[in-house]
Amino acid sequence: MITALYVLAGVYFVSLFVRRWLTLSYARRLPPPPTEPLPPGTLTIAQAILSGDPLLESRLEENLNALKGQTFRWLIDEDDAEAQRIAEKLKRPNLHVKLCPPCPDKTNPKLWKLQAASQLVKTPFFAVIDDDTTLSEASAAALVEAAKTHTVATGLPCYLSRGFSSGLLAQFVNNNSIFTYLGTSRLLPPFTLNGMGYVMRTEELERIDHFKPILNELTDDLALATLVLKQGGTIHQSAAPLHVQTGVRNFRHYWQMMHRWYVFTLLLLQRQRISSQIIIFLLHGLPPILMAGMLVLSMVVGQFSLWLFALLGICHVCVRIPHLHVILMALVGIGAFVDIGAIGGQASGYLLLTLLAPLHVFAAMGKKPFSYLLFTVWFLRGALLDSLHHRYFHRSLHRPVLSLLSEVIQPLHLVHALCSRTIRWRTRLYKVRDTNDFSAA
């Protein structure tokens with residue numbers, strides 16, 4: 001059992017650094033981002049809007065403020081009173097709202113709206129942005145520049161979060177998006193795109209017949225990517241960040257969203273060659289299984305300690321505070337040599353406890369050698385994710401305990417997706433048999 005634990009840890013270590021190397025290797029091949037701002041009138045941004053998300057209004061307004069010189073087309077259902085209220089409240093000269101009739105059965109509701117908007121474009125470039133996604137001017141400029149030489153250019157999603165359930169969802173995306181989109185592109189030419197945001201030249205809309213050939217496909221991003229590649233086009237995977245924030249109401253809502261994403265992932269994998277499926281599984285499917293296996297086995301053989309989470313949290317806080325050691329020494333010195341009463345004594349005591357906390361935790365963990373190895377795996381994983389977040393998201397979005405929990409429960413989501421193909425998409429329930437074979441459940 002102990003040998004198996006060390007083998008799992010070793011394989012996880014290797015996978016972690018292989019994925020990092022693939023990511024950095026691909027990113028080095030990307031052209032530098034443009035330095036000039038996006039000229040006004042360059043881009044038409046289409047957003048298929050469906051109310052129900054409590055953050056919808058704020059996300060839409062943030063896009064309007066970030067890209068004031070570009071054209072927005074919002075596509076709203078005729079019976080969606082809340083979305084229409086938001087559109088009326090946020091109206092701008094560059095915002096055009098189109099009310100869409102009910103989507104027919106066995107038709108993708110997002111593509112149903114986009115095919116109408118795509119025929120009204122008068123700018124050189126056309127963008128599709130989800131209604132929970134914001135596109136900065138820098139990211140828009142990078143995607144437009146890439147779309148000049150590729151059929152479609154797509155960005156890199158990163159999730160912002162508030163609360164436990166939203167945090168779990170965010171950590172899943174932020175744990176994996178850099179490895180999935182950048183790292184995989186080092187080995188395999190992009191065969192899908194991030195449907196949360198992409199840009200193409202307006203003339204490409206004619207080539208894809210304004211989305212009409214793929215209206216009956218449920219996974220719109222995979223369907224568009226497949227159509228583009230089938231017609232001899234190319235997909236560019238950029239490192240331009242797309243900031244996503246979804247109001248996740250509770251754990252059940254989180255579970256429904258993850259189930260939908262995993263079902264879509266399985267549909268994507270079904271269309272790939274066996275060699276590609278193996279590569280994708282080794283890079284992205286195996287690590288969560290290894291992490292879950294380490295955790296379960298360590299509990300079975302008595303090599304796991306709950307103090308690991310405390311130690312991880314302490315280290316996470318310490319490494320985030322600039323010049324922490326200098327500050328602590330200075331304050332401890334003040335508390336020791338300056339008589340400031342109870343406040344000074346308490347402050348110095350708390351600071352000394354903070355300094356000694358890792359030692360207390362190690363002592364509490366006792367003689368459990370695999371606990372220390374497990375902590376080392378967790379700590380290096382967190383440090384690696386932190387560095388990649390700073391590099392590509394320009395901030396750290398890593399939350400150590402939620403991040404680990406998100407990774408450990410991924411095998412459960414996989415099993416659920418294999419057993420059930422009924423998904424909930426906001427207010428709609430679908431029975432999914434294939435990407436082009438689905439119906440209202």
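The values are calculated or read from the model by the stated rules, or taken from the named source; none is laboratory data. All of these numbers come straight from a predicted model, not from anything done at the bench. We place every Cβ from the backbone using ideal geometry, glycine too, and count neighbours over all the protein chains shown. To get the accessible areas, we keep the full protein, side chains included, count just its heavy atoms, and leave off ligands, DNA and RNA. Shrake-Rupley method; radii C 1.70, N 1.55, O 1.52, S 1.80 Å.
Per residue, how much space in cubic angstrom lies within the convex hull of the C-alpha atoms of the range 74-120?
Residue-normalised Cα hull volume stands at 68 Å³.
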Expressed as a whole number of Å, what is the distance separating the alpha-carbon centroids of the range 253-269 and the range 84-113? 25 Å
Less than 15 Å apart at the alpha-carbon level, and either on another chain or at least 8 residues along: which aspartates and glutamates does that give for LYS68? GLU137
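Evaluate the charge dipole of the range 189-232 about its Cα centre and quote only its size in Debye, nearest 20, assuming +1 on the Cβ of each Lys and Arg and -1 on the Cβ of each Asp and Glu. Write out the running numbers ahead of the final one.
Details: 4 positive and 7 negative charges, 19 e Å.
Roughly 100 debye for the range 189-232.
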Run the simple label-point estimate for VAL296 and ARG92 please: 7 Å along Cα→C-beta, distance reported in nm. 5.0 nm
Enclosed volume per residue, in Å³, of the convex hull spanned by Cα atoms of the range 84-193: 179 Å³
Please list, by residue number, every one of the trypsin sites (Lys or Arg not before Pro) in the range 1-64 that is coil in DSSP and has at most 13 other beta-carbon atoms within 10 Å. ARG29
Sorted from largest down, what three extents in whole angstroms do the Cα atoms of the range 390-436 have along their principal axes? 39, 22, 19
Show THR226, THR192 ordered by accessible area, largest first, where the area counts protein heavy atoms only and the probe is 1.4 Å. THR226, THR192
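For the range 137-280, divide the Cα radius of gyration by the Kirkwood radius and give the resulting Rg/Rh value with two decimals.
Values: Rg = 15.7 Å, Rh = 16.2 Å.
In the range 137-280, Rg relative to Rh is 0.97.
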Please go through the residue pairs LYS89/LYS148; LYS106/LYS230; LYS110/LYS230; LYS122/LYS431 and name each one whose alpha carbons sit more than 26 Å apart in this structure. LYS89/LYS148; LYS122/LYS431
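Quote to one decimal, in nm, the extra length available between SER420 and ASN65 on full extension: 0.36 nm per residue of separation minus the C-alpha distance between them.
Length difference between fully extended and current span is 123.7 nm.
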Calculate, for LEU384 and LYS230, the FRET efficiency according to 1/(1 + (r/R0)^6) with r their C-beta to C-beta distance and R0 35 Å; round to the nearest 0.05. 0.45
Got a number for carbon plus sulfur as a percent of the range 372-441's accessible area, 1.4 Å probe? 62 percent
Dividing the Cα convex hull volume of the range 185-236 by residue count, how many Å³ per residue is that? 83 Å³
